[in-house]
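Before any comments, here is the structure.
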Amino acid sequence: MRMAGIVPESVVDGPGVRFVVFVQGCPHHCTGCHNPETWDPQGGKEMTVKEVLKMLRKKVKLHHIKGLTLSGGEPFLQAEELVQLAKEARKMGLDVVTYTGYTLEQLQTLDLPGVKELLAVTDVLVDGPFIQELRDISLAFRGSKNQRVINLAATREQGQVILIA
Ligand code: SF4
């Protein structure tokens, strides 16, 4: 996996204390992006899923980690590897929050390996690009008003987009 970094304990990337994986590489290039250093797909560093899992297991044993957050960069460009990570995290009892610059509707038609599987193992999807004109610092877990916090489990069950916020 091409990685921008890991924040082992965060309270701003989803509900509760979370282990956050920032992947490297983003094609969206949103104006006002807070992480432009994650755009270059050749930047960051290589890490195996096994290496990230080792760090996650250690953290989960020692701390009150509630979930795994996949952020970036664009997680859905490295979906196959992140599916493996998310599945193992779920076995540890963690929930999975995934951030993306794509909308859910775009992802549902995106023909890239692992995209459907990553959607299937994600509990909460924060979707859409950051739009500077719609920036709102009062929003929880997202930067602009167009971005949605989607309950994917309920969305799958009910066949329509169910928002958490
Ligand atoms: S999708 Fe996220 S990481 Fe990518 S450019 Fe937009 S704000 Fe930055």
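Just so it is clear, none of the values below were taken in a lab; they were calculated from the coordinates. The structure displayed is predicted, hence computed values, not measured ones. Ideal geometry is used to build each Cβ from the backbone, glycine not excepted, and the neighbour counts take in all protein chains shown.
Numbers for the structure displayed
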| read-out | value |
| --- | --- |
| Rounded FRET efficiency, nearest 0.05, which uses the C-beta distance separating Gln108 from Lys50 and R0 of 30 Å | 0.50 |
| Spatial extent of segment 2-158: Rg and Dmax, with the Cα atoms as the point set, Å | 14.5, 42 |
| Packing-based order for 119-128, 10-19, using average beta carbon neighbours within 10 Å, highest first | 119-128, 10-19 |
| Over the chain, relative contact order from alpha-carbon pairs under 8 Å, at least 6 apart, % | 19 percent |
| 14 Å beta-carbon shell around Val161, net charge (K/R +1, D/E -1) | -1 |
| Structure-based [θ]222 nm, the chain - -39500 (n - 2.57) summed over DSSP H runs of at least 4, per residue, nearest 500 | -7500 deg cm²/dmol |
